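Presented below is the structure to which this report refers.
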Amino acid sequence: MTLKTSGATMALVLPFSPAAAAVARRELGLWLEQVADCDERGVDECALVVSELVGNAVRHAQPLANGTVEVSWQKRTDGLDIAVTDGGADTRPHKVDAGLSSLSGRGLAIVEAVTGRWWVESDHTRTTVHALISSR
């Protein structure tokens, strides 16, 4: 794991594996305790969002060229921008309307319900999914 921090911004470079979600969740929680004025509900929402974004990257995309996934967050005036960058996939990340009996497919719907705003930036080698958790 590589860690880069500068006050209101944190970036992690993690191995491209399911375990990356737990590491990102833990590091975000520690950062929120130190930097952000965030209640327990806010911490839980941030942990849920970063877990879903990293989980989706590992399940549906390719690693970056060096075999990693990048996870970052930045405190902004309008909230916390959580971003996960991977090596892309055949399809662009999108919300799926999963049925009640579906065992998967709810990740970005959960992110949207918690944040209200998420978006994708991509080029030929990288895809970044952002989620903005609004300040309260």
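The values are calculated or read from the model by the stated rules, or taken from the named source; none is laboratory data. As the structure is a computational prediction, the values presented were derived from the model and not from experiment. Counting neighbours? That spans all protein chains shown, and the Cβs are built from the backbone with ideal geometry, glycine included. Only protein heavy atoms, including side chains, enter the accessible area calculation; ligands, DNA and RNA are left aside. Shrake-Rupley method; radii C 1.70, N 1.55, O 1.52, S 1.80 Å.
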Problem - Condition met for GLU27 (part of a helix (DSSP H, G or I) and closer than 20 Å to GLY116 by Cβ) - result: no
Completion exercise
Considering segment 24-44, residues that are more than 18 Å from LEU108 (Cα to Cα) and charged (D, E, K, R), and then whichever is surrounded by the most Cβ atoms within 10 Å (Cβ to Cβ), we arrive at GLU27
Practice task
Pairs only if they're at least six apart or on different chains, beta carbon under 6 angstrom, first in segment 115-136 and closer than 12 Å to ARG92 by Cβ and touching a residue at least 40 places away in the same chain (Cβ under 8 Å), second in a helix (DSSP H, G or I) and open to solvent by less than 50 Å² (accessible area, probe 1.4 Å); list them, first residue then second.
Solution key: VAL129/LEU53
Problem - Selection from segment 45-78 of residues that are in a strand (DSSP E or B), out of contact with any helix residue (DSSP H, G or I) (no Cβ under 8 Å at 6 or more places or on another chain) and surrounded by 15 or more Cβ atoms within 10 Å (Cβ to Cβ) - result: THR68, GLU70, SER72, GLN74
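A quick yes/no check of all residues on (1) touching a residue at least 60 places away in the same chain (Cβ under 8 Å); (2) within 13 Å of TRP73 (Cβ to Cβ):
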{"position": "MET10", "(1), (2)": "yes, yes"}
{"position": "PRO15", "(1), (2)": "no, no"}
{"position": "ALA21", "(1), (2)": "no, no"}
{"position": "LEU28", "(1), (2)": "no, yes"}
{"position": "LEU32", "(1), (2)": "no, yes"}
{"position": "CYS38", "(1), (2)": "no, yes"}
{"position": "ASP44", "(1), (2)": "no, no"}
{"position": "VAL50", "(1), (2)": "no, yes"}
{"position": "GLY55", "(1), (2)": "no, no"}
Exercise for the section: Could you grab me the full set of residues in segment 1-44 that are among the hydroxyl-bearing types (Ser, Thr, Tyr) and in contact with a helix residue (DSSP H, G or I) (Cβ under 7 Å, 6 or more places away or on another chain)? Expected result: SER17
Completion exercise
Checked ARG136, ARG126 against criteria (modelled with pLDDT of 95 or more, more than 14 Å from the chain's Cα centre (by Cα) and open to solvent by 70 Å² or more (accessible area, probe 1.4 Å)); the one match is ARG126
